[in-house]
Each structure stands twice: as C-alpha cells, then as structure tokens.
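The values are calculated or read from the model by the stated rules, or taken from the named source; none is laboratory data. Note that the structure is predicted; figures quoted are calculated from it, not measured. Note that we place each Cβ from the backbone using ideal geometry, even for glycine, and neighbour counts take in every protein chain shown.
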Amino acid sequence: MTVSEEPAWLRPSPGLWRMRRAEVGTMTALLAAFFGLVFLAAEGSTAGLVSVVVVLVLGAAFSWFVRRRYRAWRYQERHEDLLVARGVMVQRLSVVPYGRMQFVEVTAGPIERLFHLSTVKLHTAAAASDARIPGLEVAEAARLRDRLTELGESMAAGM
Amino acid sequence: MTTGHPDAEASDEGWQRLHPLSPVARVGRLVPALVLLFLVSTVHSKAENGRAETDYLVVLTLASAVYGYVHWMVTRWRFEGDTLRIETGLIRKDSRRLPLARIQAVDIVRPLLARILGVSELRIRVAGSGSTDGKLAYLAEAQAAELRLALLAGHHDPDVAVSSNTGLPMAMVTTGRLLGSVLLSLVSIILIGTIATLAVLDEFEPRTAAAVAGFLAVYLLSFAGVIWRRLSGQYAFIAVEGPEGVRIRRGLLQTISETVPYGRIQAVRQVEPLLWRPFGWCRLEVDIAGATARNQRGEGTAVVRKALLPVGSQQDSWHLLARLLGAPDPERTPPPRRAKLKAPLSFHFLSAGYDGAHAVCVTGRINRATTWVPLEKSQSVRLVQGPLQRPLGLATVHVDVAGKRARAEFRDREVAEADRLVDELSELSRVARLRHQRSPAASEGAGDAAPSGWYPDPSGRHEQRYWHHGRWTEHVGDGGRRSSEVVTPMP
C-alpha cells in the first residue's frame, strides 16, 4: 500500500455548536431570571437590571469560549491510527492505533438526542488514551463506529 | 453444572482432594479472634452478673469447624485434558475451569499456621482478570510445588523443561538493607519524629503530651502497621530467573512466591527516593497486564503493579531490567532550559529518550522515577499543551500503556520536537507491534529455547549480543562496553 495523501481533518457536526449554544443560552436565561428577581426583590429595579445585564454579558463571554472549544474539535482517520485533537486552554492531540482499540462506544444523552447527535468513544487498554469525538450526526457516528470496528478487527494486536 | 466437555464429564476419575489438614489451617485463622472474643466476653459477663456466658462461642467454634470440614469434603480438583477444574461449594456449586494455556501466574502463599502444618495455598491467575481465579487451599507443600510446575509447564512448550531451581538469583534483599530502607521512608520518619516530639513535650507539658498522644494514637498505630507490613511482606526477598518469568519469594510470617512473566510487562519503573540516593538504593516496580485485549474485548483491562525489587543497588536494578526488557539504554536528553520557568522543581532530573524498542523518561524531584515503556505495548501517543506551556513554546508527549498509572512522559519538550516525537513514536510503536505480532511465541517469552542473556554474537562482529524473548536484540557488548547495532529481523 503506497502512502497516499493524508485524509482530511473532519469536524463534529455544526449541530454540536447549536447544542452547546442552546445549553449556554438556557443556563444564562435561567440565571439571569433568578438573579434579576433576587436583586429586584432585595435592592430594587436598578440592581435587578444591572444583575441581568452582568449575567447576560458573562453568558456571552462563555458562549464565545464554548464556540472556540467547539471549533477546536477535529479528527482524522489515517491508515493506521485515528487522530483526535481538542481543547483551547489545554490543547490535546491523541494518536490511537486502530489495532489497540478494545471497543467503540456510541452514546447519546437526552440533550444530544434532541439535536440528533451522538458521541463516539474509542476505548483502549490505557485509561489515559482519551479518544472521544462528541457531536457527530447519527449517520456519521454509525459510519465511524463500523469503520473503526472493522479496522480494529483487522489490525487487532494483543497486549 | 456446566456442560461442554461431555467426555470429561462422563468419567468420574482423577478427582483429587485438598490436604486433610486444610480445615485446620482454614479454621485455625479464626482462633486468635475467637480467643480474644472469649476473653473479652468472659471478663465482661463476669463483671456484669458474676458468671461467664460463653455458650455462643462454643457454638461459633463448632460451626466454623463443621464449615471447614464440609468445605474440605466438597472441594475437589482434577486435570481435564488441558484444563484444570476446581469444584467447590455445598449449597451453591462453584465449578471453574482454568485453561492451562491461559494461566498467567501461579503463586504459592503460606500463612504462618499453614507453614507450621506443612501445607501451602496455591493461587492461580488466568489471563482475563487481575484477581485470583483459582485457589487451592491447602495442599501439601511438595504437592503444591509439583502442581505449580505442572501448571506452568502446561502453559509452555512441553519440550521446555520447567524446574523449580533453574536460573540464578538475580537479586536479593538482606535484612539490614530492608530495615535501612524502611527506616529511611517517609512513614518511618513521620512516626519517629512524632514520637520524639511527644517525648520532648512530655518533659515540659505532660498533660498536653498525653492528650495529643491520645489524639494521634490511631494514626501512629496505622503508621506502625504500614511499616510492619512492609517489613514482613518484603522480608527475605529473593528474585530468581525462571524460564517463564522472574520468580519472587518473600515474606516473614506468610511466604509468598509469585512470578512476573516476561511478556506481560507494560512498564518498568525505577524509583529513587531522596533519602535513599546517598546509598545508591532504588526500588523497581513493574506493571503487568492481567487481561488480553483480544480475549476480553470490552471487558477492560486489569493491570497490577508489583514490586520487582523492594530495595536494591543500581546494579541489581539494572540486572533485572536487562533481563526483562533487554537492557534498554536509549540516550536521554533534557528539555530546553526555559522549561525551568514552568517546572522549577522537577526540571532538575527531567529527561527523556527513546530507541527503536523503548521509551524512557525520568521525572520527579524528591522521588526520582525512571520509567521504561516497551513501544510494542504502547496503546496511544498523546500530545498535551497546557496554558503555561504555550507561551514558552513547550508541549508534553505521553506514551500510554495499559492501566491507569503507567506512561512514559516526554515532558516540556520544544513544540517542534514534540510534533516530531508524536509522529516518530507512533510509527516506531507500529513497527514494534508488527514485529511482536509476527513472532507470537517469542513475544510471550514462553517458547525461548535459551533464556535471555548475553551470548556470543552469531554475526561475529561483536563479542556478545543480547538474546531476549527468542530473538537477538540490537544490544551488543565488546570488552564489557555496551552499544547498539541494529540487527536484521529474524525470518
């Protein structure tokens, strides 16, 4: 097998950003309502308004950070191994050989299901391996799962 | 009852029982507790109403004796082809088959009472779990030793003779050195320091001292317990070279014989605590996989850490290491000087390196730890760059092996170097893995015709070459000097 061009980096679905945005938005709205009401009752309408604005600004800042984190996720299926990169503050790159894969886990939590997403996780014998790809469209997750399983079978190496 | 071997099931021949003294050894463990209970309740009830109420203790003793006897009655074992089958249990039948080919290790454990009675317990570990899978308690000493060899022989090529006294002692720990090493450990120093402080305090403020002593008593006792366990567990430690692995025998009251199999080693760690360094002492630990990924897909992996040498000289340690990993001595380089800003304390010893087969790294300041990882065992390679490392242009590369703890860390390397390391280490791991797969017999460390060691170089270019796990390695020696020369792969 000649080493052809490296396959392209793939990214999680834009649905992941929509999901994260919805999560941050909901949390911000709830917190804004809570603090707004508390300060309204305790200090008056000005304090209530200020607290709502503060919470909204913090929420916007956090959503900017979450956006960057979403954009940091990427993965690449090479011939022999899977590359997963992630992180903004702490940047990580994992190289997991298919042969080392013990099993592939596809999970979809209740919020993920609302957005038709799932998370694919590759387990190796090492606890630290850390190859997780969140926010994949259901079809892409199934494709990746089957492909990883197939590659894992054909390249399986013992301990 | 399990079915599956109808032919074996049909015959009822060949069942063997445990040693007739097993119930005594088994129940005997309870005697100190019973005596204590007896004394306490006698004193207590005498004080309460003037007469002893110890009927329930008699019942308890009888019950445990009956239990021990019944357990002995219903436990039996035999060989069925190439499996060992152990059956036990009166109410809930427990019948387990241990395939000889998958036996990882056979340990002999001899608690004090068993030693007095001349019996031993046999613990059998099978690939696929980290815990003890089969237990025969108790067998006559000679029978246990014989059975152990038979089980280990079944695991290997039957042509290779497995005897109990092959190989030479690789390392042993004298009582003086063990005492010294335990004395120079953190636990002992805390214990002794606290007691000394209390003694001084007692001179001036006896009442405070008594109060503090009462408060600390539990901690001090538990510390003393830790020290005692270390002393008694590692007493008379001896490591002997065996064909399937390094055999270890240790223990004061309870003797333990265990085997560290060559092919299962995930990582080797040499730890040199601060207080041991003036004496040139170190501790050697290995991480061993208990499960095979192929057989236990989805079951996770149990990795156990074992002390290969509780305390020893650098030379002892190197000797063991050479035997286990084939004398890996890749050149290590320190990280760039600016890493000092990020890791001011640990920078001092920080270094890492690799060759074709191993990655090695040194970390730690107080406990200097050197970790060797055979690249064929690498599970994944990771690059991590934290917020402190980014402005300095540094990154850390990890080579992960099975388990939670063991990994080789190329800490705080230059970013360009780290990127290169990721590529090279994953490629080298892949090559090492392929080489390993192509010769499964050699990889198991089982089918070696000759034990690993230095032998005359077959190529004739050097005086000696290291033979390891059934193949020649790149390590060669000339006039006592070691060097590396890549060897063309064996067909």
Flagged in the stretch A:72-124 as more than 14 Å from every other protein chain (Cβ to nearest Cβ) and aromatic (Phe, Trp, Tyr), in numbering order, are A:73, A:115
Picking from B:364, B:393, the residue that is small (Gly, Ala, Ser), in contact with a Phe, Trp or Tyr (Cβ under 7 Å, 6 or more places away or on another chain) and more than 10 Å from chain A (Cβ to nearest Cβ) would be B:364
Of A:154, A:129, the only residue that is more than 9 Å from chain B (Cβ to nearest Cβ) and either assigned to a strand (DSSP E or B) or of a type in the set (Gly, Ala, Ser) (or both) is A:154
When the stretch A:61-75 is checked residue by residue, the ones that are out of contact with any helix residue (DSSP H, G or I) (no Cβ under 8 Å at 6 or more places or on another chain), surrounded by fewer than 16 Cβ atoms within 10 Å (Cβ to Cβ) and either aromatic (Phe, Trp, Tyr) or over 18 Å from residue B:387 (Cβ atoms) (or both) are A:64, A:65
By residue number, the members of the stretch B:100-124 that are at pLDDT 75 or above and either in a strand (DSSP E or B) or of a type in the set (Phe, Trp, Tyr) (or both) are B:106, B:107, B:108, B:109, B:110, B:119, B:120, B:121, B:122, B:123, B:124
Looking across the stretch B:412-423 at residues that are within 11 Å of chain A (Cβ to nearest Cβ) and surrounded by fewer than 20 Cβ atoms within 10 Å (Cβ to Cβ), the single one that is nearest to the chain's Cα centre (by Cα) is B:423
| Is the stretch A:27-34 home to any residue that is under 24 Å from the mean Cα position of the chain (by Cα), closer than 30 Å to residue A:147 by Cα, of a type in the set (A, V, I, L, M) and surrounded by 15 or more Cβ atoms within 10 Å (Cβ to Cβ)? | no
Across (1) within 10 Å of chain B (Cβ to nearest Cβ); (2) within 30 Å of residue B:394 (Cα to Cα), residue A:68 clears everything bar (1)
Those residues of the stretch A:29-57 which are out of contact with any helix residue (DSSP H, G or I) (no Cβ under 9 Å at 6 or more places or on another chain) and outside any helix (DSSP H, G or I) amount to A:44
Among strands (runs of 3 or more DSSP E) entirely inside the stretch B:344-446, those with 3 or more residues being among the hydrophobic types (A, V, I, L, M, F, W, C) are B:358-363, B:367-374, B:380-385, B:394-400
Here the residues within the stretch A:88-134 that are under 30 Å from residue B:391 (Cβ atoms) and out of contact with any strand residue (DSSP E or B) (no Cβ under 8 Å at 6 or more places or on another chain) are A:88, A:89
Picking from B:27, B:35, B:106, B:31, the residue that is touching a Lys or Arg at 6+ places or on another chain (Cβ under 9 Å) and within 30 Å of residue B:235 (Cα to Cα) would be B:106
Within the stretch B:231-240, residues buried (at least 19 other Cβ atoms within 10 Å of the Cβ) and in contact with a helix residue (DSSP H, G or I) (Cβ under 8 Å, 6 or more places away or on another chain) come out as B:234, B:237, B:239
Within the stretch A:52-70, is even one residue of a type outside the set (Phe, Trp, Tyr) and either touching a strand residue (DSSP E or B) at 6+ places or on another chain (Cβ under 6 Å) or at positive phi (or both)? no
Given (1) within 24 Å of residue B:126 (Cα to Cα); (2) crowded, with 22+ Cβ neighbours inside 10 Å, residue B:254 misses just (2)
Counting only residues in the stretch B:367-390 that are more than 21 Å from residue B:340 (Cβ to Cβ) and small (Gly, Ala, Ser), the one nearest to the other protein chains (Cβ to nearest Cβ) is identified as B:380
Conditions (1) crowded, with 17+ Cβ neighbours inside 10 Å; (2) more than 14 Å from every other protein chain (Cβ to nearest Cβ) -> residue A:45 fails only (1)
When residue A:89 is run through (1) crowded, with 17+ Cβ neighbours inside 10 Å; (2) in a loop (DSSP other than H, G, I, E, B); (3) of a type outside the set (Phe, Trp, Tyr), the failure sits at (1)
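Yes/no per residue for (1) modelled with pLDDT of 90 or more; (2) assigned to a loop (DSSP other than H, G, I, E, B); (3) in contact with a Gly (Cβ under 8 Å, 6 or more places away or on another chain); (4) closer than 21 Å to residue A:9 by Cβ:
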residue	(1), (2), (3), (4)
A:59	yes, no, yes, no
A:63	yes, no, yes, no
A:67	yes, no, no, yes
A:84	yes, no, no, yes
A:99	no, no, yes, no
A:134	yes, no, no, yes
A:141	yes, no, no, yes
A:149	no, no, no, no
The residue that is farthest from the other protein chains (Cβ to nearest Cβ), considering only those in the stretch A:135-147 that are touching a residue at least 12 places away in the same chain (Cβ under 8 Å) and surrounded by fewer than 21 Cβ atoms within 10 Å (Cβ to Cβ), is A:137
